[in-house]
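Notes follow the structure.
The numbers here are math on the coordinates, done by the rules we state, and not lab data. Since we're looking at a predicted model, the values are computed, not measured. No Cβ is skipped: glycine too gets one built from the backbone with ideal geometry, and neighbour counts run over all protein chains shown.
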Number of protein chains: 2
Amino acid sequence: MIGIDEVARAAGVSTTTVSRALSGRGRVSEATRERVRQTAERLGYVVTAAAATLASGRAQNVGVVVPLLDRWFFATVLDGIAAQLAPRGYDLTLYALTDDPAQRRGLFETSLRRRRVDGLIVLSGLLTDDEVAHVTGLGLPVVGLGVPRGDFPSLRVDDTAVGRVATEHLLQRGHRDIAHISESLPATSPADPEFEIPSRRRRGYEAAMADAGIRAPRFAEADFTIDGGRRAAHALLRSAEPPTAIFAASDEMAYGVLTAARELGLSVPGDLSVIGVDGHVLAGLFDLTTIDQFPHAQGERAGEAILAALEAPTPAEAGLAAASLPFELVVRGSTAGPPA
Amino acid sequence: MIGIDEVARAAGVSTTTVSRALSGRGRVSEATRERVRQTAERLGYVVTAAAATLASGRAQNVGVVVPLLDRWFFATVLDGIAAQLAPRGYDLTLYALTDDPAQRRGLFETSLRRRRVDGLIVLSGLLTDDEVAHVTGLGLPVVGLGVPRGDFPSLRVDDTAVGRVATEHLLQRGHRDIAHISESLPATSPADPEFEIPSRRRRGYEAAMADAGIRAPRFAEADFTIDGGRRAAHALLRSAEPPTAIFAASDEMAYGVLTAARELGLSVPGDLSVIGVDGHVLAGLFDLTTIDQFPHAQGERAGEAILAALEAPTPAEAGLAAASLPFELVVRGSTAGPPA
DNA sequence: CTGAAAGCGCTTACAG
DNA sequence: CTGAAAGCGCTTACAG
């Protein structure tokens, strides 16, 4: 394999100069720089990552911690992150977060500590205190995206407002009996309900209901899957007094609600109105009203934020203030007034 | 940051021994190994990736080239790969493949050549001759998954059989007028139709039709998206003699067909039968008959294959013969007999 | 089974 | 603007 010394020889300069010319760090005359660049290109020389990292302390690599890789939302965010990093010459190393305790220990105690990355993006997911301590203990810039913790700078949508907007949309359509389906935090959860997404959406829902003078809001628990939404909706819709509208905390849960409605012979929106959250790529197909939270753009923002932190001259300038991300109500055919 | 020499001092051995004890390479007495391990754990020492890579030539990292990260199919395959790599201590670096020529050049000519990874998994996508040459020129083990080229070992489903099985299912239901929707290769494509997935599925479809004595099979071109399927279906269904059944080359295209049918007031399967391919997670929700190709398992297989190649004592033993992946017809409510 | 020492391929003060 | 040399933190023949 061709190394930096061969390029130096061919260009008639020292390896020092080759390094400087190629990296753009340090002063080199324009003529020399150009000659070195062309020589490197001609010889097909590319800097070896490991050597450059060891010598410089910079890996030119960003780690992304992702729960549920195969979920549309996270895959889309990831795509947005990749779109930012690649053009800037950064690679992206993926750290999948599972529910397996052994795998998580390996991730936080070993994988992440190999110093393979310069910075870390953590996508929403529940971390224990211990795990958060490991992340902050890395001494690396960290950007969270919807992470339910205040321990490091995190970009987030105002999820309380999301819950409120979704609920108010249904109220405006004339519904009073509106149920909310979401995940509920286990009592033992390390997450702070103040920051945690499902809790915030639920709070927005409850506030909107209270403002409308409606007591006893109805909540049904489900995990963030189609089937979770389907089961919860079945329970709700077969009760003595089925709601006329359901606000699901994700579009995938809302798909489950639509399935349950179909299985029970209910028409949407004739018998039941349904609204979700996310802006899922298939929501148009299902004619589902939703709150779009632009996940691809969220990924881009997270990518920009980590790059800013990495390239800021001083840590102070990194200025990773938690930023608020936009969202938007997209009205489609799944919401209408209540049945007469 | 704590280094190997501190561990050596604390354990009362040389750094040589620490390295051997922690890596498992080379002989160390069991007692010494255990003592070193405990010392390392107590001090929170983890080997620095860059230093170990530079010294050993092993990066403990696998690269994955992915087109369309946000597509369910690829995200699911990726999840399968990650599930294999993580437990074996390998990290995963993502290389997103876009349509932008500059970005692709950067990927193949620079990013991939930084020697950040020990091996590469290339997910199905069209590569030019030049790009393939760059990949094979890396001198790294490479495993393709559905890659339309014979240049490196590739795991693949027998897509001709997939096309045949899907078509025969519709024939058995009594359909004669069956259309196929898929992507068609541009004339300038670098892909060999012998290997390329859409061509093979189409060939299976045509063969099944011919065997049933049906001339003039009907083909409509579309890209692999919901909207692509929707447009193609519109054209087909509004023609003078609309088909009674449509075989879409992916589930997402099939969703588009379902949408078109709904928009045209056609009932499925009353007026139109529809079958897709993939085993998409939402296919059950759409009640869509499909050919499941188990993408998560495909990812696991690709992960196993690259690990086997990396850990084989000799390149010969790596034995990356192209393997054939399973698929399965899953019959649901979207297919029935033709209208009377 | 264990260790001293060379070396992996770069980057970067330091000096000129 | 340019270069000689030290050093980044490990691994691994080689020798014992």
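Structure notes:
- A from B by rotation - nearest chain B beta carbon to the axis, in Å: B:Ala75, 2
- Ascending distances from the A:Pro87 label point to its copies in the other chains, with the point 7 Å along the Cα-to-beta-carbon line: 4.0 nm.
- Helical runs assigned H by DSSP (4 residues or longer) give the protein assembly as shown a calculated mean residue ellipticity at 222 nm of -12500 deg cm²/dmol, each run adding -39500 (n - 2.57) before division by the residue total.
- Average beta-carbon neighbours from other chains, 10 Å sphere, peptide B:4-10: 0
- Taking the Kirkwood radius as Rh and the Cα radius of gyration as Rg, the protein assembly as shown has a ratio of Rg/Rh equal to 1.00.
- Chain A: most fluctuating residue of A:Gln172, A:Gln293, A:Gln60 per GNM, C-alpha cutoff 10 Å: A:Gln172
- Mean separation of Cα contacts under 8 Å (6+ apart) over length of the stretch A:1-112, as relative contact order %: 19
- Note on the stretch A:4-47: Cα Rg divided by 2.2 N^0.38 Å, N the number of residues, gives 0.95.
- Part-to-part distance (alpha-carbon centres) for the stretch B:67-137 and the stretch A:29-95, which is given in Å: 13
- Rounded to whole numbers, the Karplus 3J(HN,Hα) couplings from phi for the stretch B:142-149 are 10, 10, x, 10, x, 6, x, 8 Hz, using 6.51 cos²θ - 1.76 cosθ + 1.60 with θ = phi - 60°, and x at Gly and Pro.
- Near the amide H of A:Ser154, within less than 5 Å, lie the amide hydrogens of A:Gly144, A:Ala322, A:Ala323, all on another chain or at least 5 residues away, with H placed in the peptide plane.
- Within the stretch A:266-286: backbone nitrogen closer than 17 Å to the A:Gln172 label point (7 Å, Cα to C-beta): A:273-277
- Spin-label model distance (nm) - B:Glu263 vs B:Ser184, 7 Å beyond Cα toward Cβ: 2.1
- DSSP-defined antiparallel bridges as percent of all bridges, the protein assembly as shown, nearest 5: 10
- Shielding value for A:72-84 is 5, the average number of Cβ atoms from other chains within 10 Å of each residue's Cβ.
- Copy-to-copy label separations for A:Glu30, where each label sits 7 Å from Cα toward Cβ, in nm and ascending: 7.0
- Using only side-chain charges placed at the Cβ, +1 for Lys and Arg and -1 for Asp and Glu, the dipole size of chain B relative to its Cα centre rounds to 880 debye.
- Computed FRET value (nearest 0.05) for B:Glu328 with B:Asp211, which takes r as the C-beta separation and R₀ as 22 Å: 0.55
- The Kirkwood hydrodynamic radius of the stretch A:32-121, based on inverse pair distances between different Cα atoms, is 15.3 Å.
- Around the amide H of A:Ala220, modelled in the peptide plane, lie the amide H atoms of A:His180, A:Ile181, A:Ser182, all under 5 Å away and 5 or more residues distant in sequence or on another chain.
- Projected onto its three principal axes, the C-alpha set of the stretch A:68-167 covers 45, 35, 25 Å, listed from the longest axis down.
- For B:Asp287, the distances from its label point to the matching points in the remaining copies are 1.6 nm, ordered from shortest, with each point set 7 Å beyond Cα toward Cβ.
- In the stretch B:49-136, Cα pairs under 8 Å separated by at least six residues give a relative contact order of 41 percent.
- Short to long, the 5 Å bins of the Cα pair-distance histogram for the stretch A:159-293 hold 2, 12, 23, 25, 22, 12, 4, 1, 0 percent of all pairs.
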